[in-house]
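One structure is given below, encoded as structure tokens.
Bear in mind these aren't lab numbers, they're just calculated from the coordinates by the rules spelled out. A quick note: this is a predicted structure, and the numbers were derived from the prediction, not measured. Here Cβ is always computed from backbone atoms with ideal geometry, including for glycine, and neighbour counts include all displayed protein chains.
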Amino acid sequence: MVILSYRSPYLRRKLSTNKKNNDGTLTRIELPNILPEIFEIILRYIYSGKLSLKEIDPTNIIKLLVAANELSLQELATYI
């Protein structure tokens, strides 16, 4: 949670306002405009700081750019 908050202002806002359920777990954060496979790529980037566009299907690059913008990942958006 700390890494996600540090790397993404969007996720920082979402996580800071996210309430806990009765069992102590955080409520679910939904990102309806981001496909799971795109979010997986973003998570790998957030945690490793690395991304090879050669390994990504060309049809997903635009989706990745849109998701990077939505999550306020300026460094990733600029790289793409």
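Cross-link partners of Lys14 among aspartates and glutamates, defined as those whose alpha carbon lies under 16 angstrom from its own and excluding same-chain residues fewer than eight positions apart: Glu30, Glu70. Annotation for Arg28 and Ser16: the two label points, set 7 Å from Cα along the Cα-Cβ direction, are 2.6 nm apart.
Note on Lys50: aspartates and glutamates with a C-alpha under 15 Å away, same-chain residues under 8 apart excluded, are Glu40, Glu75. For the stretch 1-79, a simple Cβ point-charge model (Lys and Arg +1, Asp and Glu -1, everything else neutral) yields a dipole of about 320 debye relative to the Cα centre.
With the charge dipole of the stretch 1-79 set up from +1 on Lys and Arg Cβ and -1 on Asp and Glu Cβ about the Cα centre, the Cα lying farthest toward the positive end among the listed residues Ile3, Ser48, Gln74 is that of Ile3. Using 0.36 nm per residue and subtracting the Cα-Cα separation, the extra length available between Ile62 and Ser48 on full extension is 2.9 nm.
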